[in-house]
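Just so you know, all these numbers are worked out from the coordinates, no wet-lab data involved. Predicted model, so just to flag it, every value in this text is computed and none were measured. All Cβ positions, glycine included, derive from the backbone under ideal geometry; neighbour counts span all protein chains shown.
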Amino acid sequence: MTDNHNIEESIKFRADYTWPKEGSKRNCPRCDNSMQLQADIRDYYGKPWWCHACQWQFSEEELKEE
């Protein structure tokens, strides 16, 4: 690894999504089925809402836009 480069700004892997309160419920804007709220844990890098029916993730910010 003689050609190793250091990045001056650190890379951020986990976005700063707004996480809803535990127990919140929403329906998918694409297929209107109920979505699953993912746990807000350090090792999860996805969006808070997951729709099993259409296999899509949503953030609170995206859902507020609709």
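In table form, for the structure just shown:
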read-out	value
Structure-derived mean projected area of the Cα convex hull in nm²: which label, when the choices are (1) 5.0; (2) 6.8; (3) 3.7	(2)
Under 12 Å from LYS47, Cα to Cα: aspartates and glutamates that are on another chain or at least 8 residues apart	ASP16, GLU60, GLU61, GLU62
Other-chain or far-sequence residues with amide H under 5 Å of ARG26's (modelled H)	MET35
Environment charge of LEU37, counting only residues whose C-beta is closer than 10 Å and scoring Lys/Arg +1, Asp/Glu -1	+1
Simple spin-label estimate for GLU60 and ASP43 in nanometres, 7 Å along Cα-Cβ	2.5
Estimated 222 nm signal from helices in the chain, with DSSP H stretches of n ≥ 4 weighted -39500 (n - 2.57), rounded to 500	-2000 deg cm²/dmol
